[in-house]
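The values are calculated or read from the model by the stated rules, or taken from the named source; none is laboratory data. Keep in mind it's a predicted model, so treat the numbers as computed, not measured. Using ideal geometry, Cβ is built from the backbone for each residue, glycine included, and neighbour counts are taken over all protein chains shown. Areas reflect the complete protein model, heavy atoms only, side chains present, ligands, DNA and RNA absent. Shrake-Rupley method; radii C 1.70, N 1.55, O 1.52, S 1.80 Å.
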Amino acid sequence: MTTGRRPRGHGPTVAVVGAGAAGTLVALHLTRTAARRSTGLDIVLVDPVDRRGQGVAFGTPDEQHLLNVPASGMTALPEEPGHFAAWRQRDAQELDPDAGTLPYDFAPRRQWARYLDETLEEARHASFGEVGLRHVRQQVVGVRRTTTGISLRTANGGEVVADAVVIASGLPAAGDSWAPESLASSAFFVADPWARGALDVVRRDRTGPGDVLLVGTGLTMVDVAFSLTDQDNRSDRVVHATSRNGRLPQVHAPQPQLAAIPDISEWGPSLAEVRAAVERHVAEVRATTGDWRPALDGLRFRVQELWGRLSEEDRLEFLSRDAGRWNTFRHRMAPSSAVRLDALQAEHRLVINTGRVVGAEPLPTGGLRVSLDDGSTRDVGWVVNCTGPQADLRLLGNPVLDDLLRERGGATLASIDVAGLGLRTDEGRLVASDGETDTPLWTLGALRRGELWETTAVPEIRLQAASVARAVLDEVAPLPRRLADGRVVGGRHPVARPRDPLGLPLSTTSEAASAYNAGLERLMRLQDGAEEQLRRATELDPGFALAHAALAMLGHEAGADADVRASLEAARKAARQRGDDRERSLVDVVGLRVKDVRRAGSDALMHHISLHPRDVLAVSAAVPTIAFSGVTDVQQEAWDLVEGLAPAYGDHWWYISLLAFTRQDQGLFEEAGLLAESALSCEPSSGHAVHAQTHVLYETGQHEVGRVWLDHWVAESGRSASHRAHFSWHAALHELALGDTEAVRRRYYSQLAAPEVTGVRALIDSASLLWRWRTTTTGWDAAVALGAPGAAGGAFPGEVVQPPVAPVLAAVDPALLDRPQTPFVALHAAIALAAAGDTARLRDLAAHCRRSRDGVLRGTVATLCQALEATVESRWSDAATLIEDVLPMLARVGGSAAQREVVEETLLIALVNAGMPERALKVLDERLHRRPSPLDQRRRCSLEPAPATVPS
């Protein structure tokens, strides 16, 4: 039923025109966001389709029509990348408890439509009545602005009234302007293969010529060819497919690959320059990975930015010259589809040609004789249009789009972008022909092709749907603003304040806020230059409390070049004079942490986050990451902290990056990798996401892939990374695992040696790598070769050719080595001193740890100091016993499993030298069970007893 009255009871009404993939995704994210905000909302989907989620792309009833993206990339929820894959697994097991599915499967498209519909219904139930949802099965034919919102007119004369409307009509209908009149007017021409029942008559036809001509050789042709050659078709049928170039879609790799995202800061702006840069990028990635696909997949994340740089003339040239080739490589088919297509060609049931249709005439027995531009003809029963969607929206004859573009009062509600390819928007909100954006109309997906180009696939649409949902709700049901959002000037009116990247108000000038936000965004991405921008903010506004507090925190916890005490004092003074509750609270927290009041500072920080969960600076300090030690060394507490922030951040790339690292810490490597990919698709420079992905690759034994991928990121999107030494350390671990010690040597001298790396990073990355290098290579080989125990020559018998550790120690503040304040830094200080063979300082460090009030320092780290001293003195049995005693508690020291693995390496060398190969084999077997490692496998083989010889 359609009526001019609003639905009762929930709150504002949002109408979504279109219930296909784009419209259903919008409804889903409206539902979830409204429920998260406890906002009442009524959603009306207006579309004549029977079931939500179908539309052009996913409305096919044919199980042979597969997604052209693996299941792992088809989640409806950006923050849950494995959501669709998990749904498929549950769905399969309902029919067969023993059934299984894989994340890299290419599922039937109709299955994804059902998933989307069910996910929306689950979200509605989970809203506990906050959200009303109904589906009006009518076509919208008119759009009218009212004094309170929008009125939609439907084909049956009804009306839907809403406070805001999202136009989500999906992919345009197929275009057939290429067809000559003699063909277009024929009853044997299928103009739109996706129209309901369009192919049924072709499949049933048993009279006239059996062959069929498909015009177009892209993904639509692949689907139609399968539908017309299966067992329900006549056996003598040959499918001919023709296009101007005869190019078939490329094929997805048989196994998932990581995208190689380029740095495009120096690309363009002209199309010719972009072409040349793309060719270089593809050639470089192919040279290092052996495949072009990672290059194209990485480029996908940059396409919208590149498209935005091009002039309209260049965009038009791209559409005429490059778009076809791009689509062939970008929109690939499933490997199983390629196998089947090859088989059809081998059986001569599918023939691919080049050519353009120039005419058609009817045959006496039915069907058509089709003429091509090369002079040849084809006698076929049917011609099916497989050329894809109509490019120019103005030629579609779509009533709702035509009405949006109809002039009224001197302007139109919407305006056309490049060559009619899409509608102009401001971040998804429609721009009228007079440039106004005050009408509550939004759009997404294919209707934004003119301004984004790469915007028709689900990974892009789901992000746009989430963004549109937030924008619409902010318009029709804005959250109540706290009194602190404005500050009173002269006792009169509150003045709107600038905001940080997450929308929190800042007590400063717009100029200082801009510098502060630039610094905060660099901190979120783990990029250099954050402190310079924060310092610039304090110079622009000396009374800006948060900028001073941020400098103090970075100086204290991240080793930034800042006068911690002076910055903290300036922050306190500014907060007293002009700070709001949040800013004063954060300044107090930073003060406690600078005073090293560990428990009180941690409690205060956690309380602050509970009140202000979107305070990025506070959360950065609280979560143990590559940049900060966090508020806890207990893994479960850190995991609970990150997971508890989900309602505040949703699908924000920075939060998804932190969640990815949490998931790898939990051993959920597949989910962690998908989360990292999701974050990098939004922000290719996200150091947190790269860090998480790097751990995934190491822990799953993908050492060559990991080394190549990480080197590419550091050279491209990570050129400004603030922790390049740590990423280099990760790459060196891959090289050690592969046994490529010369590569480790080159990397150390070029990227990890002092003075290139200094301070705490020299301790944690450079010194620990040198010790690990010794234990995993020279020390191990010599110990085995000499038949330990009791191998002579000190801790590591044989010639040790690793770089010296002395320059590293010289680049570290002596206080970090002798009086470290955290268990994690203390462990690495002990490792560095062991690498230097300095047993006296090791004993002093152990004594320092025993005096600490921190139980982990006093117990675990002090014992490890003793174990390392025993290792240096070749007391192998003592070293092994001490390490085995504390190994179960090692996680409390902090850091990642990859970082703590250095202790296991020391245990292994001690066990081998002590003549206990059975215990060493047990450690290696446990590690190999956890993750593959060529190095550990080789070491295991070296310890296995040789087979007994049988006397002749």
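Side notes on the structure shown:
- Pairs of alpha carbons in region 334-478 separated by more than 28 Å make up 46% of all such pairs.
- Label positions at Gln139 and Arg286, each projected 7 Å from the Cα along the C-beta direction, are separated by 4.6 nm.
- Rounded to 10°, Cα long-axis angle of helix 703-715 versus longest principal axis of the chain: 80 degrees
- Amide H contacts of Leu214 (H built 1.01 Å from N, in plane; Pro and chain starts excluded): His240, Ala241, Thr242, Val384 sit under 5 Å, all sequence-distant by 5 or more or on other chains.
- Computed lengthening from Leu395 to Ala195, 0.36 nm per intervening residue step minus Cα-Cα distance: 70.2 nm
- Estimated dipole of the chain in Debye, rounded to 20 [Cβ of Lys and Arg +1, of Asp and Glu -1, Cα centre]: 1480 debye
- Residues with amide H under 5 Å from that of Val431, placed H, sequence gap 5 or more: Ser415, Arg424, Thr425, Asp426
- For Trp112, the solvent-accessible surface with a 1.4 Å probe is about 0 Å², rounded to the nearest 10.
- Per-residue SASA entry for Glu532, accessible area with 1.4 Å probe, Å² rounded to 10: 100 Å²
- Whole-Hz ³J(HN,Hα) from phi, Karplus 6.51 cos²θ - 1.76 cosθ + 1.60, for region 667-674, glycine and proline x: x, 8, 5, 5, 5, 4, x, 5
- Label-point separation in nm, Glu63 to Val339, each point 7 Å along Cα→Cβ: 1.7 nm
- Solvent exposure of region 618-705, expressed per residue, is 27 Å² of accessible area, with all protein chains present and a 1.4 angstrom probe.
- Accessible surface of Trp194 - all protein chains present, 1.4 Å probe, nearest 10 Å²: 70 Å²
- A simple spin-label model places pseudo-atoms 7 Å from Cα toward Cβ; at Glu511 and Arg853 they are separated by 4.5 nm.
- Cα-Cα separations in region 806-931 greater than 26 Å, expressed as whole percent: 18 percent
- Pairs of Cα atoms farther than 15 Å apart, region 842-893, %: 41 percent
- Available extension along the chain between Leu887 and Asn156 is 255.8 nm, counting 0.36 nm per residue and deducting the alpha carbon span.
- Average 1/r across all pairs of distinct alpha carbons in region 641-699, invert it, and you get the Kirkwood radius: 10.8 Å.
- For the chain, the longest principal axis of the alpha carbon atoms and the long axis of helix 21-37 meet at an angle near 50°.
- A convex hull fitted to the Cα coordinates of region 1-122 yields 123 cubic angstrom per residue.
- Region 683-741: equivalent-ellipsoid semi-axes (sqrt of 5 x gyration tensor eigenvalues, Cα, Å): 19, 12, 9
- Overall shape of region 409-449 was characterised from the C-alpha gyration tensor. The equivalent ellipsoid obtained from it has semi-axes of 16, 12, 7 Å, in decreasing order.
- Principal-axis tilt of helix 312-321 within the chain, Cα atoms, nearest 10 degrees: 80 degrees
- P(r) histogram, all alpha-carbon pairs of region 254-347 included - 5 Å bins from 0, percent: 3, 12, 20, 22, 17, 11, 8, 5, 2, 0
- 15 Å reach of a label modelled at Arg51, 7 Å along Cα-to-Cβ, counting backbone N of region 66-87: none
- Efficiency of FRET between Glu317 and Arg356 - r from beta-carbon atoms, R0 25 angstrom, step 0.05: 0.75
- Share of alpha-carbon pairs per 10 Å distance bin for region 515-568, given as whole %: 30, 61, 9
- Residues Ala276 and Ser376, FRET efficiency given R0 of 51 Å [Cβ-Cβ distance, rounded to 0.05]: 0.85
- Inter-part distance where region 42-77 and region 343-392 are each reduced to a Cα centre, Å: 29 Å
- Centroid-to-centroid separation of region 673-717 and region 181-216 [C-alpha atoms, Å]: 47 Å
- Theoretical FRET efficiency, 1/(1+(r/R0)^6), r = Cβ-Cβ of His331 and Ala646, R0 35 Å, to 0.05: 0.60
- Remark: region 160-279 carries 41 Å² of accessible area per residue (probe radius 1.4 Å; ligands, DNA and RNA excluded).
- Selection among Val902, Pro389, Gly410 by position relative to the dipole of the chain gives Gly410 as farthest towards the positive end (Cβ unit charges, Cα centre).
- For the chain, the alpha carbon positions stretch 102, 100, 54 Å along the principal axes, listed from largest to smallest.
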